[in-house]
Amino acid sequence: MIRVGVLGASGLLGCWLVPYLRQKPEFQVVTFGRSPDADCRVDFDSNELPESLLRLEIDVVINLAALADVDRCQREADEAYRANVKVCEEIAVFLDRRPEAFCVQVSTDHFYDGPGAKREEETVFLNTYAVTKYAGELALANRRSVILRTNFFGRANGGRKPSFSDTIVNSFRTGQKMQLFTDAYFSPLHWSTLVEIMGQILLAPKFGVFNLGSTTFLSKADFSLSLIEKIGLPASNYVLT
């Protein structure tokens, strides 16, 4: 049985990934974090994470912990460093001390700009969020790590904060005016696809940096309008920018 340690298990992706993995007989899941619901309470600012991972003999670390609020990262660079870089540095310490273990790092697609397919090396850094997520990748470089540059959509589970698609649906349902961006492109996966792929990675990892997304791309404006059309909401009270 593979002992999987999940950091950031209470977030949008974690609230779907953890139940998915726990129904699989191949995995024993241990959640780490500050939340009272975590199996192992850890303060990521205290340098105690490597010892906790070692003590529980974790085979694979899945790092979902991050500060993904782009505007907040811009305002609070120190907090962005602690959430997006320091945690990865702590995981690197663990990997150095338990060389048979490996890490799955969920990164971001914010390294790319403009429409069309992008190769992993075609990175741009438009904000502090992107810089700190890339620095987190570098902290795990040359170690047994699978780094996934990805974006996902789907409703939040268990009363968590609204996802991007939740926000779109709620805004159109309530008639709140929406600003839709025609110049922001992405290739998102539904969370169900992403967690299934991550389950496969745990069983047969290939180490390196990988773009993980859909085969086509679209603007976030087109995504929003397609979503509300799919669920039968009227496309009104929005502005394209």
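The values are calculated or read from the model by the stated rules, or taken from the named source; none is laboratory data. Keep in mind that this is a model prediction, so the values were computed, not measured. Virtual Cβ from ideal backbone geometry, glycine too; neighbours counted across all protein chains shown. Protein only, heavy atoms only, side chains kept; ligands, DNA and RNA dropped before computing areas. Shrake-Rupley method; radii C 1.70, N 1.55, O 1.52, S 1.80 Å.
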### Task
Determine whether the stretch 123-141 contains at least one residue that is surrounded by fewer than 18 Cβ atoms within 10 Å (Cβ to Cβ) and charged (D, E, K, R).
no
### Query
If you check residue 103 against the conditions, is it at pLDDT 95 or above, among the hydrophobic types (A, V, I, L, M, F, W, C), open to solvent by less than 40 Å² (accessible area, probe 1.4 Å) and in contact with a Ser or Thr (Cβ under 6 Å, 6 or more places away or on another chain)?
yes
### Message
Restricting to the stretch 40-58, give me the number of residues that are in contact with a helix residue (DSSP H, G or I) (Cβ under 9 Å, 6 or more places away or on another chain), closer than 18 Å to residue 104 by Cα and open to solvent by 30 Å² or more (accessible area, probe 1.4 Å).
### Response
1
### Those residues of the stretch 71-106 which are in contact (Cβ under 8 Å) with a residue 60 or more places away in the chain and in contact with a Lys or Arg (Cβ under 6 Å, 6 or more places away or on another chain), in sequence order
102
### Summary
Checking 148, 95 in turn, the sole residue that is part of a strand (DSSP E or B) and open to solvent by less than 30 Å² (accessible area, probe 1.4 Å) turns out to be 148
### Query
Can you find a residue in the stretch 66-78 that is among the polar types (S, T, N, Q), part of a loop (DSSP other than H, G, I, E, B), modelled with pLDDT of 95 or more and more than 14 Å from the chain's Cα centre (by Cα)?
no
### Task
Only one of these is buried (at least 19 other Cβ atoms within 10 Å of the Cβ) and either over 16 Å from the mean Cα position of the chain (by Cα) or not β-branched (Val, Ile, Thr) (or both): 154, 199, 175. Name it.
154
#### Entry: In the stretch 174-192, residue modelled with the highest pLDDT [restricted to those that are in a helix (DSSP H, G or I) and of a type outside the set (Phe, Trp, Tyr)]
192
### Task
Search the stretch 101-123 for residues being under 18 Å from residue 144 (Cα atoms) and of a type in the set (A, V, I, L, M), and hand back the single one that is nearest to the chain's Cα centre (by Cα).
106
### Task
Taking the residues in the stretch 126-143 that are of a type in the set (A, V, I, L, M, F, W, C) and in a loop (DSSP other than H, G, I, E, B) as candidates, determine which candidate is nearest to residue 114 (Cα to Cα).
126
### Criterion (at negative phi, touching a helix residue (DSSP H, G or I) at 6+ places or on another chain (Cβ under 6 Å) and of a type in the set (Gly, Ala, Ser)) met by exactly one of 156, 221, 141, 204
156
### Query
Hey, among the residues in the stretch 79-92 that are over 27 Å from residue 187 (Cβ atoms) and of a type outside the set (Ser, Thr, Tyr), which one's surrounded by the most Cβ atoms within 10 Å (Cβ to Cβ)?
90
### One residue from 175, 199 being at positive phi and in contact (Cβ under 8 Å) with a residue 24 or more places away in the chain
175
### Task
Starting from the stretch 4-28, take each residue that is open to solvent by 60 Å² or more (accessible area, probe 1.4 Å) and among the hydrophobic types (A, V, I, L, M, F, W, C) and list its partners that are at pLDDT 95 or above and assigned to a loop (DSSP other than H, G, I, E, B), counting only C-beta distances under 6 angstrom and pairs at least six apart or across chains.
none
### Query
Can you find a residue in the stretch 203-212 that is loosely packed, with under 14 Cβ neighbours inside 10 Å, closer than 30 Å to residue 26 by Cβ and of a type in the set (A, V, I, L, M)?
yes
## Note on the structure
Out of (1) open to solvent by 80 Å² or more (accessible area, probe 1.4 Å); (2) acidic (Asp, Glu); (3) over 30 Å from residue 119 (Cβ atoms), the one residue 183 does not meet is (3)
